[in-house]
Every structure is written in structure tokens, then in C-alpha cells.
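Have a look at the structure below, then the notes.
The values are calculated or read from the model by the stated rules, or taken from the named source; none is laboratory data. Just so it is clear, the model here is predicted, and its values are computed rather than measured. Don't worry about glycine lacking a Cβ; one is built from the backbone with ideal geometry, like all the others, and counts go over all protein chains shown.
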Amino acid sequence: MAEEVMNSMNYTGSETKPKISVRTPLLSEVLAKVHSAKTKPQKVKILKENDSPALRQICKWSFDPKIVSALPEGAPPYIVNEAPEGTEHELLRRIGDKLYRFCKGGDDSLQQTRREQLFVQILESLHKDEAELLINTKDKKLHQIYKGFSHAVVKEAFGWNDDYVQV
């Protein structure tokens, strides 16, 4: 009977088991790993292993001199989301496609007051570490917060040239 059930499920016993999905680290955790890595090749490897459109956007915004923030410098007044990681907060990975609104030339039709309100709403929805990361990205200070996170590391990890375009 058991053999019939196994055969009906098309299971031979030698098939690979389904992969268990592993928790995806916050972008702030990825950059913390880059910070703690000792060598440039290790830093590049960490960025490559955690590559995502949102990570690339954060890196590009932080380093590309042509991308200028449309927001005032510094942290706006916002309520820090104290919810534990993995619970009631948004992920920077999922909202990366909305970041263009906060750069000059990204959405010039958006009124400045509304732009700032949207930014505060995003900060309040994110885990506190990712909110801080986003503020430092906007102010182009990530390289000061995460030592060893540099132009050279980012360019090598993502295959970018000096214009931050993939070659």
C-alpha cells in the first residue's frame, strides 16, 4: 500500500527535497556584513550574494554624484518603528522602486510637501535600522557609517563603470 502511494506521488526516493526558504537579510544587515568584512574581495562577495534591485538603488543613490536628493539634509521628524524585525514593518527591498520620487528629476510633478510626507511615511513603515540606512543614503553618508563600503567595492560588485552604469 505504501509503495502504491509513493508511486502515485511520483516519488522515487532519490529526488531532491524542496529547498527551505531562508530569511532574506535586511539591507542594513547586508551593509553591516560589508562593514565587518576584512578584505575588499570579501566585501564584494557579500554584495554579490545579496544583490537585488533595491540594494543597487541604495548603492547608486549613495555614490553616484549625478543623483541628488530632493529632500532636505538630515533626519526628518518621524516616529521610529520599534516593532521587532520580521513583524510589523515594510522592507526596503520591497519599496526600492519608489525611491526615485526622492531624487531630483525623479518625479518633479510631486509637490515638495507631499514628497517629504511620503518619505516620512516610508521611514515610519521600515525597521528602524533600514530607516536609518535610508536617511544616510539620502545624505550620501553610507560610506561614513559602514567603513569599507566604498565606490570601488560597489563598482566591482555590480560591474559598474565610473558613471555607475553596468559595463
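Annotations
- Subset of the range 110-119 (residues that are outside any helix (DSSP H, G or I) and within 19 Å of Asn136 (Cβ to Cβ)): none
- Residues in the range 26-60 that are closer than 13 Å to Trp160 by Cβ and either of a type in the set (Asp, Glu) or not in a helix (DSSP H, G or I) (or both): Asp51 only.
- Considering only residues in the range 76-109 that are in a helix (DSSP H, G or I) and in contact (Cβ under 8 Å) with a residue 60 or more places away in the chain, the one that is nearest to His127 (Cα to Cα) turns out to be Leu92.
- Residue within the range 122-142 that is hydrophobic (A, V, I, L, M, F, W, C) and either modelled with pLDDT under 90 or surrounded by fewer than 16 Cβ atoms within 10 Å (Cβ to Cβ) (or both) present: no
Quick grid of which residues meet (1) more than 23 Å from Phe63 (Cα to Cα); (2) under 15 Å from the mean Cα position of the chain (by Cα); (3) among the polar types (S, T, N, Q):
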position: Pro84; (1), (2), (3): yes, no, no
position: Leu92; (1), (2), (3): no, yes, no
position: Leu99; (1), (2), (3): no, yes, no
position: Cys103; (1), (2), (3): no, no, no
position: Asp107; (1), (2), (3): no, no, no
position: Thr113; (1), (2), (3): yes, no, yes
position: Glu116; (1), (2), (3): no, no, no
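- Any hit, the range 61-74, residues being of a type in the set (Ser, Thr, Tyr) and assigned to a helix (DSSP H, G or I): yes
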